[in-house]
Amino acid sequence: PLNCIIPNVNDMDQIDTVFEQVAKEYSAVFNVSYEVLGEVPIQPTVFMPNGWKKSDWLGVYYDAPYPWVYSEELGWLYLIPGKFDPFDIWMYVAHDGIGWVWTSETAYPQAWHPGQNNWINLPDLVD
């Protein structure tokens with residue numbers, strides 16, 4: 001992960017544009033307004049060089065542009081903590097247009113995909 005290129009400022013402008021699109025989609029799909037909470041809803045177990053972190057369940061990730069998080073395994077994710085439990089996470093998985101899924105530390109690698117009305121195994125979809 002340490003060799004992964006971290007987005008520069010120009011890339012962050014593009015990410016902000018995508019964020020606006022993702023936020024509108026989230027609001028429309030779930031008929032709710034979104035709120036980004038201050039802390040990343042993933043508890044790191046290991047702090048690595050250059051801002052990378054590792055959690056027991058999500059693996060290695062980089063969260064400096066939170067709410068965007070780069071996962072070594074899943075690619076770019078947009079995270080929204082659950083309204084009642086911040087460790088329940090709605091995440092937008094940018095890879096191959098997977099879109100919005102719900103997961104948590106105890107459910108992962110399984111995630112609920114409302115568009116498919118089914119549980120999916122996230123790592124299988126991005127391999």
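Tabulated data
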{"read-out": "Checklist (1) closer than 15 Å to Pro41 by Cβ; (2) free of Cβ contacts under 8 Å to residues at least 60 places away in the same chain; (3) not in a loop (DSSP other than H, G, I, E, B) applied to Trp119, failing item", "value": "(1)"}
{"read-out": "Members of the range 46-63 that are part of a loop (DSSP other than H, G, I, E, B) and open to solvent by 70 Å² or more (accessible area, probe 1.4 Å)", "value": "Asp56"}
{"read-out": "Subset of the range 97-106 (residues that are surrounded by fewer than 16 Cβ atoms within 10 Å (Cβ to Cβ) and either in a loop (DSSP other than H, G, I, E, B) or over 15 Å from the mean Cα position of the chain (by Cα) (or both))", "value": "Glu105, Thr106"}
{"read-out": "Any chance Leu37 is open to solvent by less than 10 Å² (accessible area, probe 1.4 Å) and either at pLDDT below 75 or within 11 Å of the chain's Cα centre (by Cα) (or both)", "value": "no"}
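The values are calculated or read from the model by the stated rules, or taken from the named source; none is laboratory data. Small disclaimer: the values here were computed from a predicted structure and weren't measured. So basically every Cβ, Gly included, is an ideal-geometry build from the backbone, and we count neighbours across all protein chains shown. Keep in mind that these areas ignore ligands, DNA and RNA; they rest on the heavy atoms of the full protein, side chains included. Shrake-Rupley method; radii C 1.70, N 1.55, O 1.52, S 1.80 Å.
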